[in-house]
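Single-structure report; data block below.
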Amino acid sequence: MAPLITIRLEAHNPSPMTGRGNNTYLLIAGDREAALIDAGVGNSLHLADIDRELRARNAHLGRLLVTHAHADHASGAALLAATYPEAVFAKYPWPEEDRKYAVRWQPLAEGERLLIGGDAIVALQTPGHSPDHLAFWHEPSRTIFSGDIVTAGTSVMIHSSRGGNLIEYLASLERLLALEPQTLLPAHGPRPADPAALLAGYLEHRKQRERQVIVALESGHSTVQAIAESIYHGLDSSLMAAAHENVRAHLEKLKAEHRAVEEADRWRICG
C-alpha cells in the first residue's frame, strides 16, 4: 500500500492571535482519495492551493476533518462545501458553535477510525483548549495532527469563557505524550523537531504559570486583570485578552482543586 501523502497548506490568515496563520493538512492516499484537516477561513489563496494539489495528483476530496469549531479552523467550511459538494464534513459536536457554519456536520466520536483510501487515522478526544477539540492519530507513521494543543515557540490560550478547561487540557497533553509520536503537525507554527520535548515543555510551562498565579494571589492581587498584569507585564495589548483567559483557566483549576475561592469576582487562596 502506498504511503499516505501529507501536504501542509497555509490558510493565509495571519493575525496577532494566529501568528503567521493556520496550517491545514491535505492527506492523499494511494487510490487518490483525499482528506483535509481543518478548513481555514475561506481565503481564496487557500482554496486555490487545495485545488492545485488535488489536480496535480488527480485526487478527489472525500472528507474534511475539523479539529475544533474556532473560526480560524472551521469558518472556511461553507465555501469548501460549495466547492466539494460530495465531501463529508466531520468534527466532534459542539452544537452552539457548529451551527454558525452552514454545513452538515457528521459527528465524530472518540476512537473513531477514519479511512482515507486503504489507510486510517483515529480521532482522539483532546479537550481543554476547547470542549470539542480532536487530534488525529496516524499510527503507522506515529504522526499526530494536533490542532491547537501546542504551538512551537509560544503558548496556547485556554479559552475559559468559551468552554476551555485547564484540567482537561493538561490531560490531553499527557495523552499525546504517552503516544510517543515521531511527528507532530500543529495547526499553527512550524513542525517541532522533538514532539515529546515540546509536549513535556508545555506541561512544565503550565506548572510554572500556576506557581505565578499563586504568588500573585498571595501578594494581594485578587482580580483576573490584576493577576494578569502582574504576570504578563509588558505584553502586547492585543494579547492581553488571551492572557486574561489563561489566568482565569488557572484560577478555575485551583478552584476545582479546592485551593482557591472566588467571591464577588475576587479570588483568594483557600485557608
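Counting only protein heavy atoms and using a 1.4 Å probe, what share of the accessible area of the stretch 1-155 belongs to carbon plus sulfur, as a whole percent? Of all accessible area on the stretch 1-155, carbon and sulfur atoms account for 52 percent. Taking every DSSP beta bridge that has both ends in the chain, the antiparallel portion is near 65%. Taking the centroid of alpha carbons for each part, the stretch 1-29 and the stretch 55-77 are 10 Å apart. Note on Arg191 and Glu10: the extension gain reaches 63.9 nm, defined as 0.36 nm multiplied by sequence separation minus the Cα-Cα distance.
Using alpha-carbon positions, what is the distance between the centroids of the stretch 114-157 and the stretch 237-271, in Å? The stretch 114-157 and the stretch 237-271 have Cα centres separated by 28 Å.
For the set Arg268, Arg63, solvent exposure ranked by accessible area (probe 1.4 Å, protein chains only) runs largest to smallest as Arg268, Arg63.
Computed from the C-beta positions of Gln106 and Ser155 and an R0 of 30 Å, the FRET efficiency is 0.40 to the nearest 0.05. Please list, in order, the residues from the stretch 36-76 whose amide nitrogen is less than 14 Å from a point placed 7 Å along the Cα→Cβ vector of Ser141. So the set is 36-37. Accessible area of Glu33, 1.4 Å probe, to the nearest 10 Å²? Ignoring ligands and nucleic acids, Glu33 comes out at about 40 Å². Modelled this way, with points 7 Å down the Cα-to-C-beta line, the labels at Arg259 and Val215 are 1.5 nm from one another.
Can you pull the percent of Cα pairs in the stretch 2-70 with separation above 20 Å? All intermediate terms of the calculation are to be shown ahead of the outcome.
Values: 596 of 2346 pairs.
It works out to 25 percent of all Cα pairs.
Taking all protein chains as present, what is the carbon and sulfur share of the accessible area of the stretch 161-238, in % to the nearest whole number, probe 1.4 Å? Taking all protein chains in place, the stretch 161-238 shows 50 percent carbon and sulfur surface.
Counting only DSSP beta bridges whose two residues both lie in the stretch 1-103, roughly 60 percent are antiparallel. Surface calculation, 1.4 Å probe, protein heavy atoms: Met17 sits at approximately 100 Å² accessible. Of all DSSP beta bridges confined to the stretch 56-157, the antiparallel ones make up roughly 65%.
Its Cα gyration tensor gives the stretch 125-271 an equivalent ellipsoid. The semi-axes, each the square root of 5 times an eigenvalue, are 30, 15, 13 Å from largest down. For the chain, the solvent-accessible area works out to 46 Å² per residue, with a probe of 1.4 Å and every protein chain left in place. Histogrammed with a bin width of 10 Å, the alpha carbon distances of the stretch 127-200 distribute as 21, 56, 21, 1 percent, first bin at zero. Panel note: the C-alpha atoms of the chain, placed on their principal axes, show extents of 64, 34, 31 Å (largest first). Adding -39500 (n - 2.57) for every DSSP H run of four residues or longer, then dividing by how many residues the chain holds, sets the calculated 222 nm ellipticity at -10000 deg cm²/dmol.
The values are calculated or read from the model by the stated rules, or taken from the named source; none is laboratory data. Note that the coordinates shown come from a computational prediction; the quantities given were computed from them, not determined experimentally. Virtual Cβ from ideal backbone geometry, glycine too; neighbours counted across all protein chains shown. Each accessible area value is taken on the protein alone, full model and side chains, heavy atoms only, with ligands, DNA and RNA left out. Shrake-Rupley method; radii C 1.70, N 1.55, O 1.52, S 1.80 Å.
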